[in-house]
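The block underneath contains the structure these notes are about, expressed in C-alpha cells.
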Amino acid sequence: MNIQPARQFCFKCLINLACLILAVGWSFAYLSFNPFSFFTPESASQLALYAKRFFPPDVHSAFLLKILKATFETIAISAIATLLATVISLLLAVPAAGKYGKKTKEVTRFFFNFLRSVPELVFATILVLAVGLGPFAGTLALMLHTTGVLGRLFGEALENHPPKNAQALLLNGSSGAQAFLYGTLPGVTAQFVSYALYRWEMNIRMATILGFVGAGGLGQMLYYELSLLREPRAASIIIAMLILVVLVDFISNKLRLVQMHTQG
C-alpha cells in the first residue's frame, strides 16, 4: 500500500486566493453593483411587469414573413463570412506555421493577432460608417475577426502536426507542394473542419448581435422593434433567434458525426 505524503501548506496559494477575493470585492464596490438588489420584492415585481409586455408574441403572417427573411439574411451573413475567412485562413496558415521562415511567421501571426484582438462589434461599427448600414458591413466584420481566429488555429495545427509523412514523400522525390497536399493536409483536415464548424456556430449568434449596430439580420430587426417599444414583435424575433441557434447546433453536430464516421 502506497501512502501519499501530506501536501505542504501552500502560503503562496493562500495569498493568490486572498488577492482574487479582494479584486472581486473591489470590482463590485467600484461599480456600485449589488447583486442582492435583483432579489427584492420590488425588483421581482418590475421584472414581471416588463416580461408581461412581451406576451403574447406577434404572430401575424406578414410580420412572420419579415422574420423569415431576416433569418435567411442572418444565416447568409454568417455562412459567407465563415467561408471567406476559412479560405483566407487556409492560404495564410502555411506561412503562419513557419513554412516560409521565421520572419514571415511573425508577420502573419501578428496579422492574425490583430484581427482577433478587435471584437466583431468594433469592426461592424467602423464598417457601418464606411460602407453603410446592411448585411455587407456585418459580413465583413465577421469575416475579419473569424480570419484572425481560424488563421491562428490553422497555423498552430499545421505547426504541431508530425512531419513524418511529408518528409517521407520528400525523400521519395515529391515536391514540396505534393508533400504538403498528400502528407500534411490530410492529417489536419478533420481539425480544420471542426474549427470552421465551431466558428460558424459562433458567427450565427454573433450575426444576430451585430444587427444592433445596423449590420443587418435579425439583430437589426430586433433593435428596431425594441426602439419603438413593440415588445410583442420583439418576442417573436427572440423566439426566432432561439430556434435558429438550436437548428444550427443540431446541423453542426450532425456534420461532425458524419465527419467522424467518414474519418473512421
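Amide H to amide H, which residues 5 or more places from residue 215 or on other chains are under 5 Å from it, using H placed in the peptide plane?
The list, which skips near neighbours in sequence, is 134.
Please report the net charge: other residues with Cβ closer than 15 Å to the Cβ of residue 69, K and R +1, D and E -1. All intermediate terms of the calculation are to be shown ahead of the outcome.
Working: positive: 66, 233; negative: 73, 225.
For residues surrounding residue 69, the net value is 0.
Can you give the local net charge around residue 179? Use residues other than it whose beta-carbon is closer than 15 angstrom to its beta-carbon, Lys and Arg +1, Asp and Glu -1. Numbers along the way, then the final one.
Values: positive: 99, 164; negative: none.
Once all neighbours under 15 Å are counted, the net charge is +2.
With no solvent and one point per C-alpha, what does the Debye sum give as log10 I(q)/I(0) for region 61-263 at q = 0.11, 0.14 Å⁻¹?
For the requested q values the scattering log ratios are -0.59, -0.85.
Calculate one ³J(HN,Hα) per residue across region 185-199 by plugging θ = phi - 60° into the Karplus curve 6.51 cos²θ - 1.76 cosθ + 1.60, and present them in order as whole Hz with x for glycine and proline.
With coefficients 6.51, -1.76 and 1.60, one gets 4, x, x, 10, 4, 4, 5, 4, 5, 4, 4, 5, 5, 5, 5 Hz.
Around residue 218, under 13 Å between beta carbons, what's the net of Lys plus Arg minus Asp minus Glu among the other residues?
Values: positive: 66, 69, 205, 233; negative: 73, 225.
Combined, the nearby Lys, Arg, Asp and Glu give +2.
So what's the angle, to the nearest 10 degrees on a 0 to 90 scale, between helix 231-263 and the longest Cα principal axis of the chain?
Relative to the chain, helix 231-263 is tipped by roughly 20 degrees.
Relative to the present Cα-Cα distance, how much length would full extension add between residue 40 and residue 55 at 0.36 nm per residue of separation?
So the chain would gain 3.0 nm between residue 40 and residue 55.
Using only alpha carbon pairs under 8 Å that are at least six residues apart, calculate the relative contact order of the chain and give it in whole percent. Could you put the intermediate results ahead of the total?
On the way: 276 pairs, mean separation 63.0, N = 264.
Computed value for the chain: 24 percent relative contact order.
Computed from the coordinates by the stated procedures, all read-outs in this text should not be read as laboratory data. Because the structure is a prediction, the values reported are computed rather than measured. All Cβ positions, even for glycine, are placed from backbone atoms using ideal geometry, and neighbour counts span all protein chains on display.
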